[in-house]
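The values are calculated or read from the model by the stated rules, or taken from the named source; none is laboratory data. It should be emphasised that the depicted structure is a prediction, and the values quoted were computed from it without experimental measurement. Note: ideal-geometry Cβ built from the backbone for every residue, glycine included; neighbour counts use all protein chains shown.
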Amino acid sequence: MTGTQAPGSGPERVIAIRGLHKAFGEHEVLRGFDLDVFRGENVMVLGKSGSGKSVLIKCVVRLLMPDAGSIEVLGRDILSLDQEELDQLRVKIGFLFQSSALYDSMTVQENLEFPLRRHWVATTRAERDALVEEVLTAVGLAHTRAMYPSELSGGMKRRIGLARTLILKPEIVLYDEPTTGLDPITGKEIVELILELQRTYNTSSIIISHDLNVAKLAANRVAVLYEGRNHIEGSYEQLMASDDPIVKQFFIFM
């Protein structure tokens with residue numbers, strides 16, 4: 001198995017997950033999960049709360065080490081990398097935390113500069129300012145650079161978190177429940193932003209959520225995580241029309 005395909009052999013695979021297992025004590029969360037993600041697509045992993053969605057994407061960036069299975073990201077076996085190699089690969093993977101994970105004591109500008117300084121990117125003031133301006137404009141918040149997180153709404157914090165993810169120009173973005181805790185209008189704006197960033201930066205993404213509106217509007221493909229496995233996958237329309245009782249329970253109120 002390889003993370004990239006030969007020319008003419010089909011779309012480029014940027015993430016390949018095979019037989020992934022993860023347990024916490026006697027509680028098995030992932031029980032042989034498989035998934036492919038191809039260049040430029042948004043794949044949503046749909047599952048109930050507590051089904052292991054967040055565990056899955058934390059394994060993809062090795063914030064958690066799985067118990068068994070394999071994960072290839074951009075052609076690299078992420079589970080075998082040493083720390084320096086892992087840090088280099090993580091620069092290419094953006095992770096939008098559900099909480100946005102902004103530093104309260106830092107301004108928006110300082111929050112956005114933090115990953116640049118950590119990874120020794122854009123070391124001059126002019127370069128840092130240009131990148132901050134670019135990503136803030138991309139998320140529609142160019143006026144907030146001097147503000148602190150406490151001055152931002154929940155939706156604005158989510159956008160700034162996304163801007164901080166984008167500032168390193170990642171090839172892959174992992175979204176952890178991007179609309180959770182937001183009102184429907186703000187949630188729709190975040191979904192529209194995810195689509196705009198996909199078009200602008202050609203990012204490949206895994207979106208984890210239980211929000212069917214995200215699946216309908218943002219996902220090229222939806223995988224249903226059930227009892228630790230990829231139970232079924234397809235387009236939103238295909239899953240909505242499915243007679244599978246496990247799938248139907250997600251669409252019962254649609």
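Structure notes:
- Of the helices (runs of 4 or more DSSP H) that lie entirely inside segment 103-213, those containing 3 or more residues that are farther than 27 Å from residue 35 by Cα and of a type in the set (A, V, I, L, M) span 108-118, 125-138.
- Residues satisfying the stated conditions in segment 43-73, i.e. in a strand (DSSP E or B) and at pLDDT 95 or above: 43, 44, 45, 68, 69, 70, 71, 72, 73
- Residue 86 touching a Phe, Trp or Tyr at 6+ places or on another chain (Cβ under 8 Å), in the same structural domain as residue 214 (by TED's automatic domain parsing) and in a helix (DSSP H, G or I): no
- Segment 230-252, subset touching a residue at least 24 places away in the same chain (Cβ under 8 Å) and part of a loop (DSSP other than H, G, I, E, B), residue nearest to residue 207 (Cα to Cα): 250
- Being of a type outside the set (A, V, I, L, M, F, W, C), surrounded by fewer than 19 Cβ atoms within 10 Å (Cβ to Cβ) and not assigned by TED's automatic domain parsing to the domain that holds residue 210 holds for only one residue in 21, 119, 27, and it is 119.
- Unique residue being among the aromatic types (Phe, Trp, Tyr), within 30 Å of residue 250 (Cα to Cα) and either in the same structural domain as residue 195 (by TED's automatic domain parsing) or in contact with a Gly (Cβ under 6 Å, 6 or more places away or on another chain) (or both) when the list is 38, 97: 38
- Of 108, 173, 139, 91, all but one fail to be touching a Leu at 6+ places or on another chain (Cβ under 9 Å) and over 26 Å from residue 189 (Cβ atoms); the exception is 91.
- Evaluation of residue 38 against the conditions (1) in contact with a Lys or Arg (Cβ under 9 Å, 6 or more places away or on another chain); (2) surrounded by fewer than 19 Cβ atoms within 10 Å (Cβ to Cβ); (3) farther than 20 Å from residue 203 by Cβ shows that the sole unmet condition is (3).
- The set of residues in segment 20-30 that are in a strand (DSSP E or B) and more than 14 Å from residue 50 (Cα to Cα) comprises 20, 21.
- Being buried (at least 16 other Cβ atoms within 10 Å of the Cβ) and not assigned by TED's automatic domain parsing to the domain that holds residue 202 is not true of residue 56.
- Unique match (being without any contact (Cβ under 8 Å) to a residue 24 or more places away in the chain, more than 16 Å from residue 200 (Cβ to Cβ) and surrounded by fewer than 16 Cβ atoms within 10 Å (Cβ to Cβ)) among 129, 104: 129
- Flag if residue 194 is without any contact (Cβ under 8 Å) to a residue 60 or more places away in the chain, β-branched (Val, Ile, Thr) and under 25 Å from residue 59 (Cβ atoms): no
- Residue 179 vs. criteria touching an Asp or Glu at 6+ places or on another chain (Cβ under 8 Å), at pLDDT below 90 and surrounded by 19 or more Cβ atoms within 10 Å (Cβ to Cβ): yes
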